[in-house]
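See structure below.
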Amino acid sequence: MAGRLLLLDTASLYYRAFFGIPDSLTAPDGTVVNALRGMIDFTATLIGRDDAPEAVVACWDDDWRPQWRVDLVPSYKTQRLAEGSPTDGTGVEETPDLLAPQVPLIAEVLGLAGLAVIGAPEAEADDVIGTLAHRWDGPVDVVTGDRDLFQLVDDARPVRVLYTARGVAQLDTVDAAWIRAKYGIEPASYVDYAVMRGDASDGLPGVAGIGEKTAATLVNEFGGLDDILAAAQDEDSSIKPRPRASLLASRDYVAAARTVVAVRTDLDVEVPSRPASPDREALLAFGERWGVAGPVERLLAQL
């Protein structure tokens, strides 16, 4: 069995850094570097944990809103579109003006550090994470602030999520017991549960009138969405009239949304090996140029 694989939901981390660190941090040329600095520090912290990884991948959104997901659920991530952007899969994500110039710098510094930066055509970082977690022959840690990735949790392999809701310094280790305590369901039921509950942050309305409690009750009593819909059609089942009517009215949405919510595990991406050696001189020069010398030195120390 291979050692531990650390998968970074990169955009989730650099957005957290951007909004959590003052934008008064600038490079010598005046460029704001708060997200860059935070991403370097986050990466150093994560690599330096006691359960050090054998391989690290910064998973990338090559396509933040794939057309095939938009075709299934047109409202998918529409609230994140830049003003005036088309609503199909070619739409541009609204990105803060001070963050946009930092994103390529983040990719550059991770590459100089010898870490794999991996995306895939027509796929989100979540899909890269799902594929690598599925194919890695060893334990996997997924670092993210996105609840959708809870669907990957599997104690048997093991795959766990290091959840950043309270910050990278106070990660919640999400395993099956954590999900049971939080939502009252098994990880294998998370996609079905999330489809019914919905997620406003992703433009997924869910099934009207079904919140977290009812969704958990349904998956625990009946199983997957097909079984839940079959029970909704059975007037003798225990489903109450209001959720029954909502489920029957939402059959087309449910069928589409479960494909949208489920992360892919079949991308054509290379399973990583151990990190390459960092380009020490180039990294130090990068740190000086962009005013992040201290974080770069901390990252080098952990590498």
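The values are calculated or read from the model by the stated rules, or taken from the named source; none is laboratory data. No experiment lies behind these values; they were computed from the predicted model shown. Glycine also receives a Cβ, built like all others from the backbone with ideal geometry; neighbour counts cover every protein chain displayed.
Tell me which residues, restricted to segment 81-117, are more than 28 Å from residue 282 (Cα to Cα), among the charged types (D, E, K, R) and not in a loop (DSSP other than H, G, I, E, B). Correct list: 93 only.
Can you find a residue that is over 30 Å from residue 30 (Cβ atoms) and surrounded by fewer than 16 Cβ atoms within 10 Å (Cβ to Cβ) anywhere in segment 99-115? No, there is no match, as no residue in segment 99-115 is over 30 Å from residue 30 (Cβ atoms) and surrounded by fewer than 16 Cβ atoms within 10 Å (Cβ to Cβ). Would you check if residue 147 is basic (Lys, Arg) and crowded, with 16+ Cβ neighbours inside 10 Å? It is true that residue 147 is basic (Lys, Arg) and crowded, with 16+ Cβ neighbours inside 10 Å.
None of 165, 133 is under 13 Å from the mean Cα position of the chain (by Cα), in contact (Cβ under 8 Å) with a residue 12 or more places away in the chain and part of a loop (DSSP other than H, G, I, E, B) except 165.
Restricting 227, 199 to residues that are out of contact with any helix residue (DSSP H, G or I) (no Cβ under 7 Å at 6 or more places or on another chain) and more than 22 Å from residue 160 (Cβ to Cβ) narrows the list to 227. Give me the residue from segment 169-207 that is surrounded by fewer than 21 Cβ atoms within 10 Å (Cβ to Cβ) and among the polar types (S, T, N, Q) and, out of that set, farthest from residue 256 (Cα to Cα). The extreme case among them is 170. Scan (1) acidic (Asp, Glu); (2) free of Cβ contacts under 8 Å to residues at least 12 places away in the same chain; (3) more than 21 Å from residue 52 (Cβ to Cβ) for the single condition residue 172 breaks and write down its number. Going through the list (1) acidic (Asp, Glu); (2) free of Cβ contacts under 8 Å to residues at least 12 places away in the same chain; (3) more than 21 Å from residue 52 (Cβ to Cβ), residue 172 breaks only (3). For segment 271-297, the set of residues classified as over 19 Å from the mean Cα position of the chain (by Cα) and assigned to a loop (DSSP other than H, G, I, E, B) consists of 273, 274, 275, 276, 277, 278, 279, 291, 292, listed by residue number. Of the residues making up segment 1-58, just one is among the basic types (Lys, Arg), under 27 Å from residue 153 (Cβ atoms) and at pLDDT 95 or above, namely 16.
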